[in-house]
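Beneath this line is the structure, given in structure tokens, with notes to follow.
The values are calculated or read from the model by the stated rules, or taken from the named source; none is laboratory data. None of these values were measured; they are calculated from a predicted model. Positions of Cβ are backbone-derived with ideal geometry, glycine not excepted, and every protein chain shown enters the neighbour counts.
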Amino acid sequence: MQSTIGSRAFQNARLQKKNRKQADGLLPKAVEAYRAGRHADAQAVCGQVLALVPDHFEALHLLGASALDSGRLDLAEQALARAVALEPRHAEAQANLGLVLFSMKRYEEARAAQERAIALKPNFAAALTSLGNTLMNMQLFAPAIEMHDRAVALKPDFADAYCNRGMAQLLLHRNEEARQSFDRALALAPRHMQATFGKGLVSVNLRHLEQALAAFNAALAIKPGMAAVIAQRGRLYVQMGRFDQAEADFDAALAIDRGLETAWLGKAHVCVLTERIAPAMLACKRVLEQNPASEVALVWLGACLAKQGDTAGAIRHFDRALEIKPDFEDAILKKIFALDFYPGADVAVHQAVRREWWERIGARIPQRQLGPIDRDPNRRITVG
């Protein structure tokens with residue numbers, strides 16, 4: 001009996017050793033396919049390796065990285081979760097798991113994985129800037145910029161980190177700093193699509209519309225078919241009053257990414273402006289189906305109801321938007337306008353909503369300081 005058990009253990013050990021040797025021989029083929037961008041081949045070979053050795057860390061890590069690059073996020077999460085369970089102190093695997101969770105918009109989990117990667121490898125510049133992106137999406141802009149700063153301090157030629165920092169600065173309306181970050185990224189990588197796109201966004205903020213259009217077109221020349229860039233160009237066309245081109249861009253972006261919220265909101269906007277209420281309402285509802293907390297969709301849907309004469313319904317939508325974002329100026333302004341047509345609103349109601357605008361918006365507007373007045377009666381008077 002004892003001899004049989006010993007023999008079986010010996011045979012299992014021999015088989016495992018044989019499988020490990022065969023698996024290690026296959027792995028370079030997977031690496032070669034991955035580096036060549038042949039993700040289907042890389043993933044197939046990793047599958048063969050894992051059939052031989054289910055806990056093969058390198059195969060799991062490579063499978064996760066390849067699945068991430070090819071957009072197979074569920075597979076990527078499964079493979080990388082198994083990889084970090086096997087090797088919890090592997091910083092690169094933790095960082096890649098963070099990227100997967102970030103792509104799935106699970107930002108708290110992504111942050112935890114990225115922080116683990118940095119704790120294991122404090123000089124990990126790629127993980128630092130990835131954490132910065134995660135923090136930015138969590139509305140933690142100052143800590144996000146700090147992470148990007150740490151990344152560029154460690155790696156001064158890291159174009160992606162400069163670009164990522166520019167995006168965070170942009171959201172803080174630090175336009176000149178954002179422009180400098182994008183320029184630095186482009187000095188290091190002249191065909192950096194995201195930095196080119198970022199410069200377009202800076203130009204939009206500064207109302208340099210023709211410069212913004214040139215930047216968006218340049219970004220699309222570098223990487224055609226980027227739905228997010230096409231949708232932003234559509235929004236720019238709306239500002240320029242070129243509604244046909246705007247709607248064409250929104251439709252093109254939605255043909256690429258049917259769930260792109262920016263494109264649906266742009267579609268709603270341009271339809272409201274061109275008095276096509278039914279498609280505008282449909283676009284708003286598509287946004288709210290996937291994001292019930294979209295204050296912009298609620299406001300545009302309210303604007304549609306107002307145009308249909310449903311003032312009470314419009315005001316309800318504006319109020320819902322203000323519950324989500326109390327300082328949303330567009331919602332307050334549209335509510336003020338709608339109340340002018342609401343029979344149930346008396347002077348007290350009108351004054352209350354105007355006071356609301358002042359407390360949430362007006363009182364926070366920086367006041368301009370007037371220059372000193374020259375009281376010399378013999379001075380030259382300049383008119384205009």
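Taking helices (runs of 4 or more DSSP H) as the structural unit, those lying wholly within the stretch 177-288 and holding at least 1 residues that are outside the structural domain of L305 (by TED's automatic domain parsing) and among the acidic types (D, E) correspond to 209-222, 243-256, 261-273. Taking the criterion of being part of a helix (DSSP H, G or I) and surrounded by fewer than 17 Cβ atoms within 10 Å (Cβ to Cβ), the residues of the stretch 150-163 that qualify are A153, L154. Contact map, the stretch 180-191: first residue among the charged types (D, E, K, R), second residue buried (at least 21 other Cβ atoms within 10 Å of the Cβ), Cβ cut-off under 7 Å, separation 6 or more or different chains; pairs are R184/Y162.
When residues in the stretch 288-318 are screened for being surrounded by 15 or more Cβ atoms within 10 Å (Cβ to Cβ) and of a type in the set (D, E), 2 of them pass. Of the residues making up the stretch 289-315, not one is among the hydroxyl-bearing types (S, T, Y), under 14 Å from W264 (Cβ atoms) and part of a helix (DSSP H, G or I). The set of residues from the stretch 326-355 being farther than 21 Å from G309 by Cα and within 31 Å of the chain's Cα centre (by Cα) comprises P326, D327, F328, E329. Screening the candidates L68, L75, L50 for the property of being crowded, with 20+ Cβ neighbours inside 10 Å, modelled with pLDDT of 90 or more, in the same structural domain as E87 (by TED's automatic domain parsing) and not acidic (D, E) yields one hit, L68.
Checked across the stretch 328-345, the condition of being aliphatic (A, V, I, L, M), assigned to a loop (DSSP other than H, G, I, E, B) and touching a helix residue (DSSP H, G or I) at 6+ places or on another chain (Cβ under 6 Å) holds for at least one residue. Among the residues of the stretch 164-176, the one identified as outside any helix (DSSP H, G or I) and among the aliphatic types (A, V, I, L, M) is L172.
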